[in-house]
Amino acid sequence: MNKIVLVGINSQFIHTNLAIRYLKNYVEKYSSLNIELYESNINNHIQSIIADLFRLKASHYIFSTYIWNKEYVFTIIKELKKIMPDITITLGGPEVSYNAKESLIENRAIDFILVGEGEKVILNFLTNENKSQKGVAFLKEDEFIYSGDESPIENLDIIPFPYSDEELKENIKTLYYESSRGCPFSCSYCLSSIDKGVRYLSLERVKSDLRRFLDSGVELVKFVDRTYNLKKDRYLGIWEYLLENYREGVTFHFEINANIFDDEIIDFLKKVPEGYFQFEIGVQSINKETMNSINRRNLLERLKNNIKAISKNIHLHVDLIAGLPYDTYETFKDSFDYVYNLDAEMIQLGFLKVLSGTKIAREIEKYKYKYMEFPPYEVLSNCFIEYDELIKLKNIEKMLDYYYNSEKFKYSVKYIIKNYYKRPFDFFEDISKYYDENNLLGVGHKIVAIFNHLVKFFDEKNFQGKNIFIEYLKLDYLLLGKPGVYPEWFISNKNKEKYNKIIVEKSFASSREGYKKTEFEKFNYDVLNNKNKEIEIFFNYSNKKVVFEVFN
């Protein structure tokens, strides 16, 4: 029997490819075929991936193709065909679905492309000798053959659960889950806007699937529903089930529209244990012209209030997109400040990608878009923002990762912005200039170096009150964990006798263990209450989350 391998090339090792698991399980449930899975990631050497695939000795390789792996996949299949000329190579996924003809012509190593939702297409494709099935594209003597789109699956419950018990128990990767398909919105930059309508797994099916996650000990499950909270009875029912079956140590991630939360939802979310839910919220822009042009609607005051109301116990990611119509460098600053002031754990600053099939791709001439003609098709400029301004925002994105998203500078950076800047954007713009002018952007930095650069930046700006700033920085540094080394700006003032007494009182197994898992420090400024008085803080690193206690 011919051997079939589904190939997923992920963006990182920690990721799993949900699509190939759905396809494998669907085909095996509704046919006598057996399919193997192979996964790697774009950080591995192409030669190693080719060697792995060669050793599998399959006759048919089917690749899941996305914006982040298209170039890798296209390179791999060309080389694989050289050493295995008799194999069949098939591609599927969004990066080839919307331009199947062009992809077949561009890379002649491709034999077939599966277009659209994959389960029915791949089953018919693999179980029929005649390959002219709906959803299957190919070239025959240079003629493009395509018999039209396959209809989507109406009853999603017939699709098997994607993960095996063994895979769930491994618990080494992020697992993805889908409780619905489709999106009712029409955001002009998004491929999900092309497929109208939303289909759902039944509530009972979702609960059954979630029980498997909860029983397995997994740590992170990410729902990939394009907008999770569409039907209140349904999404609240899922959340209520998760709360009733709460398990410490697992996090469920959802992409949500926070505009549509009502008081009942807010009250419910306040009861969710800290760390159990994680939300990704797409703000994208607060510019009204921009939002109108991309078919989005944000109720900014309501959005802010809803996010603030749940921020104490829900881990929040908020998204911005640079390069949208009508957003200049100056107007983007307003959007940046808006999301910064939401106090979310992460600000994801992304850059518009001009994707084939989207409304934005049909507006290239209208807005004078220039963009990369290879993945990820990122915008270079338009009639509202220049390339050099987008480069500045790229540099600011890196500073966001260092000094905000890392959550390692909560106190020190907040102190700088509050005391020396009129708006948050200006700080990140300034420190990105510092990194650029000192040739620091193109190299990696250890965390101690990132702390040191903040001190040098502070000095270069000639800000007053360095002694107070250093106290805030000391707090951030001690919240990292038990220090291995102390930077030269960190002058310790701890009372060693008092520290030893606290260790004894805390009943550690031994003094050695106590010192290993804790730290004690005197601060010349009350960094917790912003007052000009001394405080002493005891830090306990025994658990995953650092606990600190004030001693007078």
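Loop-resident chymotrypsin sites (Phe, Trp or Tyr not before Pro) (DSSP state other than H, G, I, E or B) in segment 226-264 with no more than 12 further Cβ atoms inside 10 Å of their Cβ: Tyr246. With contacts taken as Cα pairs under 8 Å and at least 6 residues apart, segment 1-51 reaches a relative contact order of 47 percent.
Protein heavy-atom accessible surface, 1.4 Å probe, per residue over segment 158-220: 44 Å². Rounded to the nearest 10 degrees, the inclination of helix 496-505 to the longest alpha-carbon principal axis of the chain is 60 degrees. Surface composition of segment 493-552: carbon plus sulfur atoms contribute 44% of the solvent-accessible area (1.4 Å probe, protein chains only, all chains present).
Between Glu79 and Arg297, the simple spin-label model (points 7 angstrom out along Cα→Cβ) gives 5.1 nm. Which whole-number percent gives the relative contact order of segment 204-324, counting Cα pairs below 8 Å spaced six or more residues apart? Computed value for segment 204-324: 26 percent relative contact order. Scoring 506-517, 170-181 by mean Cβ neighbours within 10 Å over their residues and listing the highest first yields 170-181, 506-517.
Among the listed values (i) 25.6; (ii) 29.0; (iii) 46.7, the one computed from these coordinates for mean projected area of the Cα convex hull in nm² is (ii).
Under the combined filter of DSSP loop state and at most 11 neighbouring Cβ atoms within 10 Å, segment 189-233 retains these trypsin sites (Lys or Arg not before Pro): Lys196. Between helix 447-460 and the chain there is an angle of about 60 degrees, using the helix long axis and the longest principal axis of the Cα atoms. For the chain, the relative contact order is 8 percent, taking Cα pairs closer than 8 Å that sit 6 or more residues apart in sequence and dividing their mean separation by the residue count. Within segment 255-363, which trypsin sites (Lys or Arg not before Pro) sit in a loop by DSSP and count at most 14 neighbouring Cβ atoms inside 10 Å? Passing both the DSSP loop test and the Cβ count: Lys270, Lys271, Arg297, Lys312. Cysteine residues of the chain whose Cβ has no partner cysteine Cβ closer than 4.7 Å: Cys183, Cys383. Phe551 sits among other residues whose Cβ lies under 9 Å from its own Cβ, and their net charge, with Lys and Arg +1 and Asp and Glu -1, is -1. Packing here is the average count of other Cβ atoms within 10 Å per residue, and on that basis the peptides 20-32, 150-162, highest first, run 20-32, 150-162.
Within the shell of other residues whose beta carbon sits under 15 angstrom from the beta carbon of Tyr472, the net charge comes to +3, with Lys and Arg scored +1 and Asp and Glu -1. Leaving ligands, DNA and RNA out of it, report the carbon-plus-sulfur percent of the accessible area of segment 427-469 at a 1.4 Å probe. It is 46 percent, rounded to a whole number. Kindly state, to the nearest 0.05, the FRET efficiency for Asn493 paired with Leu236, given R0 = 60 Å and r defined as their beta-carbon distance. The pair Asn493/Leu236 has a calculated efficiency of 0.70. Solvent-accessible area per residue in segment 250-366 equals 39 Å², computed with a 1.4 angstrom probe and all protein chains kept.
The values are calculated or read from the model by the stated rules, or taken from the named source; none is laboratory data. Keep in mind it's a predicted model, so treat the numbers as computed, not measured. Heads up, the Cβs are rebuilt from the backbone with ideal geometry, glycines too, and the neighbour counts pull from every protein chain shown. When the accessible area is computed, the model is the full protein with side chains, heavy atoms only, and any ligands, DNA or RNA have been set aside. Shrake-Rupley method; radii C 1.70, N 1.55, O 1.52, S 1.80 Å.
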